[in-house]
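Just so it is clear, none of the values below were taken in a lab; they were calculated from the coordinates. Nothing here was measured: the structure is a model prediction, and the numbers come from that model.
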Amino acid sequence: MKKLTIFSILIFSALQLFASGNPDAILGVWSNRSNKGHIQIYKHNDKYYGKLIWLKEPNDEKGHPKTDYKNPDKTLRNRYVMGLVILRHFRYDDNEWKGGRIYNPNDGKEYKCYMKLKNSGTLTVRGYIGISLFGMTETFTRVR
């Protein structure tokens, strides 16, 4: 039993080291706190992005795919929420993904944002206005 405990601690520590020093450790599919959406985080030209790939309720009350109807840009209000890139332009620096923006289709607003892995299965996402003191943190859980 003692060997199993030590082995488990070593594996967990190795995963922590891998996740904290690896810029691509963030890649994959993540669920938001309410589990109403899944976000696929991917890399493009050395920056990280995230798009909505699954919604618990993808259709509106009329049975049509949900659109970005709260977007302040009227020309974008007809685009579908499914497939929408909501995380943009993140770069990896000092165990954080920063310098990016997060878009909230529920209110049509975009916020400055940074992300940090707590462990290989938990990602903290902080969106804010101006300085990070004025913001909100959400925890994403890895789906795959």
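Side notes on the structure shown:
- The strands (runs of 3 or more DSSP E) found entirely in the stretch 40-131 that carry 1 or more residues being of a type in the set (A, V, I, L, M) and over 11 Å from the mean Cα position of the chain (by Cα) are 47-55.
- Residue in the stretch 132-144 that is farthest from the chain's Cα centre (by Cα), counting only those that are assigned to a strand (DSSP E or B) and not hydroxyl-bearing (Ser, Thr, Tyr): GLY135
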